[in-house]
Amino acid sequence: MKLQFFGAAQTVTGSRTLISHRGSRVLVDCGLFQGPKEKRLLNWTPFIDATTVNAMILTHAHIDHSGYLPKLVKDGFKGPVYCSSGTQDLARILLLDTAHLQEEDALYANQSGYSHHRPALPLFTEQDALAALKLLKQVKDEEWHPLSEHVRFRLTRSGHILGSRFVQVAYDTHDGSKTVTFSGDLGNGRSQVLKPPVTGLETDDLVLEATYGNRVQPRVDPKIEMASIIRRVAKRDGVLVIPAFSVGRTQEILLLIRQLEDAGMIPSLPVYVDSPMANHATEIYMSHTEDHQLVVIDGALRPPICSSDYEPIRHAQDSMVLCMRKGPMIVISAAGMLTGGRIMHHLKHRLPKPENAVLFVGYQAEETKGRLLQDGIKELRIHHQNIPVRAEILTIDSLSAHADADDTIEWIKSFRRGPKRILLNHGEPDALRALAERIRSELGIETRIPEPLEEIEL
């Protein structure tokens, strides 16, 4: 069997790994490159002959793992796309939203004339996304499913977001069967909503993410830190702006705020979720209980995910009105790494005022606007304007959906058999090197960091 790393190699985005074995070609994930322009331009680089790919398996629905699928379908891919039930439902809103943004960006480029292309075209359209969604096929967990005569796979819970799964691929060799496991994004087991990752797996090789490979998240209850921040901002009549990924982080934050309210640790404040995708995702979270730690009583989740004074913002004009509204209040909006979306309008209005605060609750990749704010930049360029940064900039690391370095080491230790070799991807260079060294020194397992486009024979 051969693996080729077309994405997420020495970076945290664009996850795409091609499996080739005895004439069968299968992609594990098919993500968009996100972040700085030089990363996004990779989406326009010729990737692979789509007609030669027999099937695809998605670890989860986040766009850096699924968002290139409509482009691959546009280029001729017609095979099945296997995933969990939760991933299938979340992919529908994520892929259609991404396609809509692609079309909007192309329209704006043509109207404003800023593009070098005449006309500017979207990477893919909503029609491409709809065609891609027709290929999704949900499969049950813990059951082996054939991909070809010599290759089969199964899914098992990874605890990162709703529907996220490890992918285990078994393949026949001349001396028996072997298994390679793909972690996708590994959860840390500290979610208030989701069950922890499955442990006790068996594998020969492991393709492992390393997003937090050089970090250890605080082992503290985020309620205490969150409560202190909310009380402080409310006391000065400020607005707490929380950039959050629409799927996963937003639902965790809403639940946390509700728990703080119920415990009397914070005042009851208006909480606005200004993201149509996040509001739709919250509805999906409440309808899928197979991954939940929460329970359903009399048809309702206990505890409720949403805060008591919660209002979803659906229309763009309501979003602009919200930007002008005075505090105290909490605004949760996307995108989580400030790569675009409605959050940018909120920042443009809230960053210049010292009574406000911006709270990061998830990973901020290098060179993103989120990382720049975390690093103390004094002016942030938004919509071609330099916006002064006078608001308080805060981070709660313990709310990440990713496993940190210690979590990852413990998960590797949990394997009943193997892995004999680990291939590290989905990480920035420092994180990859740090985690590789820990695995080698603490566990004695051969570890490699694949190069972009590198092909490795197992």
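Any read-out appearing in this document is the output of simple, stated calculations on the displayed coordinates, not a laboratory observation. If you're wondering where the values come from, they're calculated on a predicted model, not measured in any experiment. FYI the Cβ positions are ideal-geometry reconstructions off the backbone, even for glycines, and counts take in every protein chain you see.
Which part of region 1-24 falls in the paramagnetic zone of R448, meaning amide N under 12 Å from the point 7 Å along Cα-to-beta-carbon?
1-5
Write out the trypsin sites (Lys or Arg not before Pro) in region 326-365 meeting two conditions: DSSP loop, and at most 13 other Cβ atoms within 10 Å of their Cβ. It would help to have the intermediate numbers written out before the result.
On the way: sites: K326, R342, K348, R350; in loops: K326, R342.
Sparse-neighbourhood loop trypsin sites (Lys or Arg not before Pro): K326.
Give me Rg/Rg_expected for region 68-132, where Rg uses Cα atoms only and Rg_expected = 2.2 N^0.38 Å with N residues. Could you put the intermediate results ahead of the total?
Numbers: Rg = 13.6 Å, N = 65, 2.2 N^0.38 = 10.7 Å.
Cα-based Rg divided by the globular estimate yields 1.26.
Among DSSP beta bridges whose residues both lie in the chain, state the antiparallel percentage, nearest 5.
DSSP beta bridges in the chain are roughly 50 percent antiparallel.
Rounded to whole Å and sorted largest first, what semi-axes of the equivalent ellipsoid does the C-alpha gyration tensor of the chain yield via the square root of 5 times each eigenvalue?
On the way: eigenvalues 251, 132, 88 Å².
Whole-Å semi-axes of the equivalent ellipsoid: 35, 26, 21.
Compute and list, largest first, the equivalent-ellipsoid semi-axes of region 202-330 from the alpha carbon gyration tensor, each √(5λ) rounded to a whole angstrom.
Details: eigenvalues 153, 77, 62 Å².
Result for region 202-330: semi-axes of 28, 20, 18 Å.
At a threshold of 8 angstrom on Cα-Cα distance, excluding pairs fewer than six apart, so keeping six or more, what relative contact order does the chain reach in percent?
On the way: 1031 pairs, mean separation 87.9, N = 458.
19 percent.
Among the lysines, select those whose C-alpha is under 25 Å from the C-alpha of K78, and discard any that sit fewer than 8 residues away in the same chain.
K2, K134, K137, K140
Would you please give the residues with an amide H less than 5 Å from that of T447, counting only those at least 5 places away or on a separate chain, with H modeled from the backbone geometry?
I422
For region 236-300, state which GluC sites (Glu not before Pro) are in a DSSP loop and have at most 14 other beta carbons lying within 10 Å of their beta carbon. If you can, show how the numbers build up before the last one.
Details: sites: E252, E261, E283, E290; in loops: E290.
Of the GluC sites (Glu not before Pro), the ones in loops of region 236-300 whose Cβ has at most 14 other Cβ atoms within 10 Å are E290.
For a label point 7 angstrom out from the Cα of R40 toward its Cβ, which stretches of region 82-111 have the backbone nitrogen within less than 20 Å?
From region 82-111, the list is 94-111.
State the answer as a single residue: which of I387, P419, L435 lies farthest towards the positive end of the charge dipole of region 357-437, with beta carbon charges of +1 for Lys and Arg and -1 for Asp and Glu, about the Cα centre.
P419
What net charge is computed for the residues neighbouring F33, neighbours being all others with C-beta under 12 Å from the C-beta of F33, Lys and Arg scored +1, Asp and Glu -1?
Values: positive: R16, K37, K39, R40, K71; negative: E38, D64.
Computed value for this residue: +3.
Less than 16 Å apart at the alpha-carbon level, and either on another chain or at least 8 residues along: which lysines does that give for K326?
Within the straight-line limit of under 16 Å, K326 reaches these lysines: K235, K348, K353.
Could you tally the net charge around N279, taking each other residue with its Cβ under 11 Å from the Cβ of N279, Lys/Arg +1 and Asp/Glu -1? List each step's numbers first, then the result.
Details: positive: R314; negative: D274, E283, E311.
Cβ neighbours under 11 Å give a net charge of -2.
Long-range amide H contacts for L147: which residues qualify at under 5 Å (H placed 1.01 Å from N, peptide plane, sequence gap of 5 or more or a different chain)?
Residues meeting the criterion, in which the H sits 1.01 Å from N, are R152, F153.
Counting residues in region 352-408 as N, plug N into 2.2 N^0.38 Å and put the Cα Rg over that result. Could you put the intermediate results ahead of the total?
On the way: Rg = 13.2 Å, N = 57, 2.2 N^0.38 = 10.2 Å.
Dividing the Cα radius of gyration by 2.2 N^0.38 Å gives 1.30.
Got the relative contact order for region 320-458 handy, in percent, Cα pairs under 8 Å and 6 or more residues apart? Don't skip to the end; give the middle numbers.
Working: 148 pairs, mean separation 24.3, N = 139.
It rounds to 17 percent for region 320-458.
Starting from the amide H of I393, placed 1.01 Å from N in the peptide plane, find each other amide H under 5 Å away whose residue is 5 or more places distant or on another chain.
For I393, whose amide H was placed from the backbone, the distant partners under 5 Å are V358.
Which residue, chosen from Y272, V151, L41, occupies the Cα position most advanced towards the positive end of the dipole of the chain, where the dipole is computed from +1 (Lys, Arg) and -1 (Asp, Glu) charges on Cβ about the Cα centre?
Y272
Once you list every other residue whose beta carbon is under 14 Å from the beta carbon of K326, what net charge do they have if Lys and Arg are +1 and Asp and Glu are -1?
Details: positive: R236, R325, R350, K353; negative: D237, E355.
Taking every other residue near K326 into account, the sum is +2.
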